[in-house]
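Trainee: Below is the structure I would like to discuss, written out as structure tokens.
The values are calculated or read from the model by the stated rules, or taken from the named source; none is laboratory data. Note that the structure is a prediction, hence the values are computed from the model and not measured. Ideal geometry is used to build each Cβ from the backbone, glycine not excepted, and the neighbour counts take in all protein chains shown.
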Amino acid sequence: MADQDTNTNQTTETPPATPTEQQTYSSDYVSALRNESAGYRTRARAAEKAEKAAREAFGLKPGEEIGDISARLAAHEAKALEKANARLITAEIKGLQGYNTALLERLIDRGSIKVGDDGTVTGAKEAAEAAAKQFPEVLTKTQQREQWAPKNPAAGASGESENQAMNDLIRRKH
């Protein structure tokens with residue numbers, strides 16, 4: 001009959017791999033070092049972004065030194081507060097009645113006008129009055145107009161007519 005294979009129970013073994021390099025550190029230690037290094041790279045990228053944002057906020061050029069951050073921040077805040085106060089003073093001047101505000105803005109002494117911490121402006125009216133004493137052109141000439149009332153066309157030269165007198169009698173205004 002057919003030949004039976006007597007080697008059916010044979011297992012094929014692979015020869016052991018010969019290491020080309022000897023492993024000095026364990027894989028867990030290498031993995032921990034790589035994770036730590038990745039954390040440092042992430043923090044470095046975040047620091048670079050923060051530095052770039054700070055440079056843009058302070059208006060620094062790429063090669064310019066940042067220097068003392070707190071001093072720069074205080075100067076930046078002072079400049080922003082100065083701009084806001086100037087806008088408040090301008091709004092107060094424009095709100096004054098009886099003055100040519102465009103001319104007054106150029107002539108007024110802003111040093112005598114103070115802005116409080118709550119945003120209230122003091123001294124604007126006094127400064128406007130002082131400027132008006134020195135430069136009368138700042139004052140606007142307002143003409144008082146009489147309130148318009150229709151005239152009775154039937155009235156004569158005296159302003160009264162027979163018809164008007166009759167109207168008053170009818171309405172019992174006599």
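Trainee: I'd like to check something: does the range 153-173 contain any residue that is at negative phi, modelled with pLDDT of 85 or more and charged (D, E, K, R)?
Mentor: Among the residues of the range 153-173, not one is at negative phi, modelled with pLDDT of 85 or more and charged (D, E, K, R), which makes the answer no.
Trainee: While we're on this one: Condition first: under 16 Å from THR140 (Cα atoms) and hydrophobic (A, V, I, L, M, F, W, C). Now tell me which residues in the range 94-126 satisfy that.
Mentor: Selection gives LEU96, ALA102, LEU103, LEU104, LEU107, ILE108.
Trainee: Let me ask something else about it. Which of the residues that make up the range 50-101 are out of contact with any Ser or Thr (no Cβ under 8 Å at 6 or more places or on another chain) and among the hydroxyl-bearing types (Ser, Thr, Tyr)?
Mentor: Correct list: SER70, THR90, THR101.
Trainee: Here's a follow-up. Tell me yes or no: at least one residue of the range 112-121 is among the polar types (S, T, N, Q), part of a helix (DSSP H, G or I) and modelled with pLDDT under 90.
Mentor: yes
Trainee: Given ALA47, ALA91, which one is more than 30 Å from LYS141 (Cβ to Cβ), surrounded by 10 or more Cβ atoms within 10 Å (Cβ to Cβ) and not basic (Lys, Arg)?
Mentor: Only one candidate passes the filter, namely ALA47.
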